[in-house]
Amino acid sequence: MIYLLVFASKKSISLRTPICNFDAMNGILCPQCESKLDQGILTKADVDASIKLVKLSQKIHPIDKFTLISCRESHGNYVLYLGSPDIMTIRQSRELYGILQGEFNGKIWLVHKDSDDKKLIEDMFFPIKILGINQVWAPGGLQKTKVIVSGKKTSRFPMDVDKVIAIVHDLRKIELVVEFERK
């Protein structure tokens with residue numbers, strides 16, 4: 001009988017994800033992570049994003065230093081909750097953003113891990129400058145959040161505002177009303 005020793009060529013990773021690094025590297029959940037998924041502590045988006053980022057971290061060094069807190073899927077888009085340094089790294093490199101975007105089926109949105117409602121809205125509208133965020137009471141006792149963004153709504157506006165409104169409502173149940181600085 002002959003035994004063959006096979007060594008995995010995968011280097012150890014320092015990327016932190018919601019699931020175990022071993023699970024993310026192999027694409028199979030351990031009983032502990034499977035239990036968290038069944039209990040709703042983890043989402044399928046957390047698992048998918050973890051696996052994708054670990055795969056990319058093997059080839060792209062800056063991703064190896066990231067901390068993915070969680071990932072939420074909303075209307076075919078992925079909201080990645082990352083640490084502040086990680087978001088800055090991605091935002092400073094269009095190439096890195098493009099590589100990350102290429103791994104996901106929908107658009108990715110980068111949000112700071114401990115963001116309150118205001119910071120979430122700012123992150124969702126990045127790189128658009130937000131001039132003001134106010135709470136507005138609508139008839140019938142409804143509370144809405146009014147966001148005034150810089151610029152003019154044209155067909156060339158860099159993002160789909162309706163998509164942002166839907167995602168923010170899905171994630172935080174915030175009713176957004178978006179107005180533009182110039183009509």
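The values are calculated or read from the model by the stated rules, or taken from the named source; none is laboratory data. What you see is a predicted model; the values in this text were computed from it and never measured. Cβ: placed from backbone, ideal geometry, glycine included. Neighbour counts: every protein chain shown. Side chains are part of the model used for accessible areas, which takes the heavy atoms of the whole protein and leaves out ligands, DNA and RNA. Shrake-Rupley method; radii C 1.70, N 1.55, O 1.52, S 1.80 Å.
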Practice item. Could you please find all residues in the stretch 43-67 being surrounded by 15 or more Cβ atoms within 10 Å (Cβ to Cβ) and touching a strand residue (DSSP E or B) at 6+ places or on another chain (Cβ under 8 Å)? Key: Thr43, Ala45, Asp46, Asp48, Ala49, Ser50, Leu53, Phe66, Thr67
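For the stretch 153-176, does any single residue satisfy the condition of being in a strand (DSSP E or B) and of a type in the set (A, V, I, L, M)? Talk me through it step by step, then tell me what you get.
Taking the stretch 153-176 first, the residues in a strand (DSSP E or B) are 176.
In the following step, the residues that additionally are of a type in the set (A, V, I, L, M) were identified as 176.
Yes, there is a match, as at least one residue in the stretch 153-176 is in a strand (DSSP E or B) and of a type in the set (A, V, I, L, M).
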Check your understanding: Quick one: which of Ile167, Ile148 is hydrophobic (A, V, I, L, M, F, W, C) and either at positive phi or out of contact with any Ser or Thr (no Cβ under 9 Å at 6 or more places or on another chain) (or both)?
Key -> Ile148
Check your understanding: Going by the structure shown, is Ser70 among the hydroxyl-bearing types (Ser, Thr, Tyr), under 27 Å from Val54 (Cα atoms), modelled with pLDDT of 90 or more and open to solvent by less than 30 Å² (accessible area, probe 1.4 Å)?
Key -> yes
Check your understanding: Quick one: in the stretch 67-126, which of the residues that are assigned to a helix (DSSP H, G or I) and β-branched (Val, Ile, Thr) is nearest to the chain's Cα centre (by Cα)?
Key -> Ile87
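Is it true that some residue in the stretch 95-110 is open to solvent by 20 Å² or more (accessible area, probe 1.4 Å), of a type in the set (D, E, K, R) and either under 18 Å from Asn77 (Cβ atoms) or in contact with a helix residue (DSSP H, G or I) (Cβ under 7 Å, 6 or more places away or on another chain) (or both)? Steps first, answer last, please.
Here is the first cut: in the stretch 95-110, the ones open to solvent by 20 Å² or more (accessible area, probe 1.4 Å) are 95, 97-99, 101-103, 105, 107.
Then keep just the ones that are of a type in the set (D, E, K, R); that gives 95, 103, 107.
Still in the running and either under 18 Å from Asn77 (Cβ atoms) or in contact with a helix residue (DSSP H, G or I) (Cβ under 7 Å, 6 or more places away or on another chain) (or both): 103, 107.
For the stretch 95-110, residues open to solvent by 20 Å² or more (accessible area, probe 1.4 Å), of a type in the set (D, E, K, R) and either under 18 Å from Asn77 (Cβ atoms) or in contact with a helix residue (DSSP H, G or I) (Cβ under 7 Å, 6 or more places away or on another chain) (or both): present.
Modelled with pLDDT under 90, open to solvent by 30 Å² or more (accessible area, probe 1.4 Å) and not charged (D, E, K, R): does that describe Leu131?
Values: modelled with pLDDT under 90: no; open to solvent by 30 Å² or more (accessible area, probe 1.4 Å): yes; not charged (D, E, K, R): yes.
Considered against the rule, which asks whether it is modelled with pLDDT under 90, open to solvent by 30 Å² or more (accessible area, probe 1.4 Å) and not charged (D, E, K, R), Leu131 comes out as no.
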